[in-house]
Amino acid sequence: MKADSIFSQARIFNPFLKIWETADIAVLNGRILYVGDAEHAGISSKIFIDCRNTIVMPGMIDIHLHIESSLCTPIEFAKAVLNRGVTTVVAEPHEIANVFGVSGISAMVEASKDAPIDIFYGIPSSVPSTNSSLETTGGKIGPKELKTLIADYPDMICLGEVMNYRHLITHFDALAKGESSDRTIELIRHMKKQHPLAAIEGHCPSVRDLDLAELLYFGIDSDHCLQDTEGMRQRFERGMFVEIQEKSVTESVIHFLESHDVDGLYSFVTDDVPPDILTTQGHLDHVVRKALSQGLSLEKAITASTRSPAERIGFRDRGVIAPGKTADFIMLSGDGSDFTIKQVFRRGIPAEESIHASKSYSFPESFAKSVTIDASFSLEQSFDIPCSAPNYAVCRVMKKNRENTYTAEAHRKLPVRDGRICWEEEEDLNLVLVVSRYGKETHAAHGFISGDILHDGAMCSTYAHDHHNILIVGSSKEDMTTAYNRILSLQGGICTVSAGSISAELPLSVGGILSEEPMDKLSSQVVCLQKSLRDLGIEHANPIMTMCTLTLPVSPELKITDRGLISTKTAERVDLILEHV
């Protein structure tokens with residue numbers, strides 16, 4: 001029997017028997033034909049790759065990520081992650097869906113067709129992430145749109161993360177009894193009816209006990225948010241699948257995973273990785289390396305990045321090295337303990353050949369004109385926060401930290417003069433403005449941040465999770481105005497301003513959230529932008545992400561949209577001013 005290629009004497013971890021074995025891998029038509037002694041089985045090939053006991057593992061599978069968070073097109077993303085050992089992803093395009101709706105999702109799918117990796121998609125379940133009374137978006141996804149996407153795109157294989165978890169918990173009785181319904185429940189019901197085996201992905205930050213059980217009752221049976229050991233234990237006890245991203249890779253979490261037999265109940269994911277980190281530190285390989293450094297065994301790490309995600313999402317043709325499976329391989333250097341990737345193969349072919357064969361894609365011209373501001377809107381007037389307090393106003397403040405993208409609600413007494421809050425006098429405070437940009441009535445909401453903030457400068461961004469309205473943050477009106485005007489002239493992007501001048505900028509020509517530049521150029525631009533944010537005082541490891549999630553109203557604890565301050569504990573709008581003093 002003739003095979004296309006034979007990988008001889010490969011060192012393979014068998015996740016079924018949980019043993020290591022040395023075997024030949026015969027590949028035919030991009031799939032594995034045989035694993036064993038090829039010569040004894042009578043299999044030959046003209047292409048012979050001598051592995052010499054090199055560890056060969058399946059290509060990695062990332063089942064929860066947003067390509068838009070890498071700020072690049074699907075083709076550029078695929079080229080970058082394939083060399084990092086990622087051969088299959090399940091992306092959820094809710095960022096571009098918030099800007100363009102179904103047409104944005106359609107464009108992402110079209111842009112993925114010639115990618116050098118397999119890109120599947122989850123149907124966004126939370127566009128908008130809460131409801132239209134709490135944030136303005138350019139598109140929405142409801143039952144009608146879900147039906148269209150299922151019918152038109154077979155690569156839509158699951159329901160993306162259900163973000164409006166607090167609403168489901170708060171209104172559980174009425175929703176469970178069928179006395180009332182909402183968009184999220186209707187989406188879940190439609191998905192269960194049309195695709196009963198499809199996964200329903202969850203977003204359940206800090207949810208435990210009865211609240212967790214209520215989400216599971218609705219069929220939401222995974223969570224990718226920040227984990228600690230007790231929350232993770234509760235999820236495992238209840239059969240919930242846990243998707244572990246880098247921020248959850250702590251010594252205590254990894255010790256739990258290593259000391260408990262929970263293989264198959266968790267996988268590693270990336271969620272959001274910016275270009276600079278992707279090109280320097282890595283992607284899913286970076287998460288795996290971190291887990292290994294915290295004490296996870298190589299066997300568990302391989303399972304959690306291959307077989308477990310495949311089984312979770314329903315892939316029957318990949319995730320293990322066995323006959324009939326896709327011939328996506330990673331060769332590791334040495335004993336694999338440092339997870340250094342020696343070479344990657346896709347469909348049995350070197351990754352470089354797959355990358356070379358991929359074709360570029362240009363988004364429609366209309367996607368470059370997505371920022372529309374009403375002519376009557378005045379940014380200058382938005383800087384003034386009226387207040388009738390005689391001397392001081394006690395205000396809610398989003399207190400940022402340096403570890404993650406969560407915020408805490410703090411209260412500050414701010415001076416009031418001439419009927420306005422004098423926020424400029426507070427050196428340890430930034431003003432935040434969110435301006436709607438989707439051609440509807442333009443309006444702005446105010447907020448304040450403390451903790452990890454900008455000093456003597458400003459930033460402006462149309463990349464602002466998840467509604468992607470215009471986010472402006474700064475310590476002076478002048479710098480904030482300069483940043484805002486620059487982003488309007490670019491029709492989308494991110495920029496920083498210091499002492500009245502642009503210090504760094506990143507044009508995002510596709511919907512204000514994606515760049516069509518090659519990855520190396522994009523990465524260089526992002527490096528400059530990240531440095532500029534650090535120079536202005538941001539200490540978080542990922543300055544862009546920590547700033548651009550100030551607008552995410554489903555991430556604890558207090559966030560801001562164009563509609564105002566949002567408490568994620570109650571999923572309701574709350575007042576900026578608490579008390580007059």
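The values are calculated or read from the model by the stated rules, or taken from the named source; none is laboratory data. Bear in mind that the values here come from a model prediction, so they are computed numbers and not experimental data. Note that each Cβ is placed from the backbone with ideal geometry, even for glycine, and that neighbours are counted across all protein chains shown. Remember, those area values only see protein heavy atoms, side chains included, never the ligands or the DNA or RNA. Shrake-Rupley method; radii C 1.70, N 1.55, O 1.52, S 1.80 Å.
For the stretch 140-208, the list of trypsin sites (Lys or Arg not before Pro) that fall in a loop by DSSP and count at most 11 other C-beta atoms within 10 angstrom reads Lys177.
Taking amide H as placed 1.01 Å from N in the peptide plane, the amide H of Asp4 sits under 5 Å from that of Val27, Leu28, Asn29, each at least 5 places away or on another chain.
Determine the relative contact order of the stretch 424-581: mean sequence separation of Cα pairs under 8 Å and six or more apart, normalised by residue count, in whole percent. Over the stretch 424-581, the number comes to 21 percent. A DSSP coil position with no more than 13 other Cβ atoms inside 10 Å describes the following trypsin sites (Lys or Arg not before Pro) in the stretch 9-106: Lys18, Lys46, Arg52.
Segment Asn14..Asp152, full-extension length gain: 45.9 nm, with 0.36 nm per residue of separation and the alpha-carbon distance subtracted. The chymotrypsin sites (Phe, Trp or Tyr not before Pro) found in the stretch 1-77 that occupy coil by DSSP, while having at most 10 further C-beta atoms within 10 Å, are Phe16. Counting heavy atoms of the protein chains alone, Ser362 has an accessible area of about 90 Å² for a 1.4 Å probe.
What full-extension length gain, to one decimal in nm, is calculated for Arg189 and His443 as 0.36 nm per residue of separation minus the Cα-Cα distance? The partial results should precede the final answer.
Numbers: separation 254, 0.36 × 254 = 91.44 nm, distance 3.50 nm.
Length gained, Arg189 through His443: 87.9 nm.
Rounded to the nearest 10 degrees, the angle from helix 183-194 to the longest Cα principal axis of the chain is 20 degrees.
Using a 10 angstrom Cβ neighbour count of at most 13 plus a DSSP loop assignment to flag exposed GluC sites (Glu not before Pro), which longest range of the chain is free of such sites? Before the final figure, lay out the partial values.
Details: sites that count: Glu179, Glu403, Glu427, Glu441.
With GluC sites (Glu not before Pro) excluded where exposed in loops, the chain gives 180-402 as its longest stretch.
Backbone geometry of the stretch 394-405 corresponds, through the Karplus equation with coefficients 6.51, -1.76 and 1.60 at θ = phi - 60°, to 3J(HN,Hα) couplings of 8, 10, 6, 9, 7, 8, 8, 10, 9, 9, 9, 9 Hz, x marking Gly and Pro. Take Asp155: with every protein chain present and a 1.4 Å probe, its accessible area is about 60 Å². Helix 477-490 and the longest principal axis of the Cα set of the chain meet at an angle near 50°. Let me cross-check Thr442: its accessible surface, 1.4 Å probe, with only protein heavy atoms counted, in Å² to the nearest 10? Thr442 has an accessible surface of roughly 20 Å² with all protein chains in place.
Normalised by the number of residues in the chain, the average gap of Cα pairs under 8 Å and 6 or more apart makes the relative contact order 15 percent. To the nearest ten degrees, helix 519-535 and the longest principal axis of the Cα atoms of the chain are 40 degrees apart. Taking +1 at the Cβ of each Lys and Arg and -1 at the Cβ of each Asp and Glu, which of Val320, Ile302, Ala291 sits farthest along the dipole of the stretch 291-339 towards its positive end, judged by Cα position relative to the Cα centre? Final value for the positive-end residue is Val320. Once you sort the root eigenvalues of the Cα gyration tensor of the stretch 102-223 as a ≥ b ≥ c, which label holds: rounded (a/c under 1.5), prolate (a/b larger than b/c) or oblate (the other case)? Prolate shape, in that a/c is at least 1.5 and a/b is the bigger ratio.
Distance between Cα centroids, the stretch 69-113 to the stretch 267-329: provide it in whole Å. For the stretch 69-113 versus the stretch 267-329, the Cα centre distance is 18 Å. Using 1/(1 + (r/R0)^6) with R0 = 25 angstrom and r between the beta carbons of Lys521 and Ala499, what's the FRET efficiency to the nearest 0.05? Calculated transfer efficiency: 0.40.
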